[in-house]
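Everything on this sheet refers to the single structure shown next.
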Ligand code: AVI
């Protein structure tokens with residue numbers, strides 16, 4: 001049996017993370033990057049979010065892949081397949097690799113390249129996948145592609161040795177602003193080496209549905225948002241008290257995005273070694289944007305990024321879209 005290979009190109013630089021968090025707290029409008037959600041507890045809370053009744057994206061996307069599996073596979077093979085096989089499938093933000101693995105039988109990739117910020121997240125998942133798919137060439141790549149998506153030249157030449165399918169599910173593209181999304185899509189097109197992109201995109205829908213998805217009755221999303229402050233306390237030694245903050249999630253129709261914030265319940269001061277920040281009652285820390293797209297606008301973005309033909313699948317309610325873009 002083959003063994004998965006692991007390549008780490010990104011080391012987490014904790015001094016840079018501390019500097020980023022402190023700069024965000026000192027900014028006139030305080031902000032903390034959504035990457036601070038994902039400590040060990042935050043990742044588990046996100047998994048719990050995906051199981052909530054109100055959080056429709058994960059289950060709706062899965063239903064689209066299940067309902068249109070054959071059609072999607074046929075479209076991928078018609079675009080880039082060779083003899084019914086794909087040279088490579090590159091999974092961005094692969095996590096537990098489950099979404100990609102569900103497509104292996106229909107897509108039949110020769111190589112699966114799972115990209116995530118740390119290869120350690122990928123080890124267990126790839127070891128288990130190798131037992132299930134002994135002939136598949138499995139590669140885990142540790143890379144933070146949030147500011148730039150590119151493999152070192154030698155790795156790209158070795159791993160992407162034919163037109164590849166870049167897979168970016170889960171509406172993670174929604175956590176990028178339109179300008180950042182355009183940059184990432186251009187880089188994904190480049191990485192595919194003449195292949196295609198299969199991407200999950202969350203659609204604009206009634207505000208009550210959107211706001212409930214990001215402010216659920218059980219308070220799991222509130223816990224996910226507040227947990228960021230615990231992570232920051234550990235990272236920079238600050239003294240955020242979670243009971244003094246409340247979770248806020250609102251849809252901004254003009255920007256077509258859900259915004260998540262943490263709001264101070266009263267006037268307070270947060271201290272950390274070497275600094276402090278006063279917050280007035282009601283003052284907020286901006287923690288996340290989640291953009292919702294009209295399919296025509298997202299298709300236009302794909303064309304701006306250099307992609308050609310785009311095919312699209314949706315659910316009956318028109319809440320989510322899976323798009324396949326040819327290069
Ligand atoms: C990871 N990302 C696609 C999620 C979203 O829907 O924007 C993160 C999330 N934030 C709150 N709930 C889920």
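Every number in this text was worked out from the coordinates using simple rules, so none of it is lab data. The shown structure was predicted, so the numbers you read here are calculated from the model rather than taken from an experiment. Positions of Cβ are backbone-derived with ideal geometry, glycine not excepted, and every protein chain shown enters the neighbour counts.
How many residues, within the stretch 224-239, are more than 11 Å from the ligand (Cβ to nearest atom) and either assigned to a helix (DSSP H, G or I) or within 14 Å of residue 50 (Cα to Cα) (or both)? Matching residues across the stretch 224-239 total 10. Scanning the stretch 134-150 turns up no residue that is within 16 Å of the ligand (Cβ to nearest atom), within 19 Å of residue 324 (Cβ to Cβ) and surrounded by fewer than 22 Cβ atoms within 10 Å (Cβ to Cβ). Of all residues in the stretch 11-42, those satisfying the criterion of being within 16 Å of the ligand (Cβ to nearest atom), touching a helix residue (DSSP H, G or I) at 6+ places or on another chain (Cβ under 8 Å) and in a helix (DSSP H, G or I) are 34, 36, 37, 41, 42.
With respect to the conditions (1) more than 16 Å from the ligand (Cβ to nearest atom); (2) assigned to a strand (DSSP E or B); (3) in contact with a strand residue (DSSP E or B) (Cβ under 6 Å, 6 or more places away or on another chain), residue 308 lacks only one, and its number is (2). Candidates in the stretch 251-264 are the residues that are under 16 Å from residue 202 (Cα atoms) and in contact with a strand residue (DSSP E or B) (Cβ under 8 Å, 6 or more places away or on another chain); of these, the one that is nearest to the ligand (Cβ to nearest atom) is 258. The single condition among (1) crowded, with 17+ Cβ neighbours inside 10 Å; (2) out of contact with any strand residue (DSSP E or B) (no Cβ under 9 Å at 6 or more places or on another chain); (3) farther than 24 Å from residue 135 by Cβ that residue 73 does not meet is (3). Scanning the stretch 197-221 for residues that are under 23 Å from residue 184 (Cβ atoms) and more than 13 Å from the ligand (Cβ to nearest atom) yields a count of 3. Would you say residue 288 is in a strand (DSSP E or B), loosely packed, with under 15 Cβ neighbours inside 10 Å and in contact with a strand residue (DSSP E or B) (Cβ under 7 Å, 6 or more places away or on another chain)? So residue 288 fails the test. Scanning the stretch 160-190 for residues that are within 15 Å of the ligand (Cβ to nearest atom) and part of a strand (DSSP E or B) gives 167, 168.
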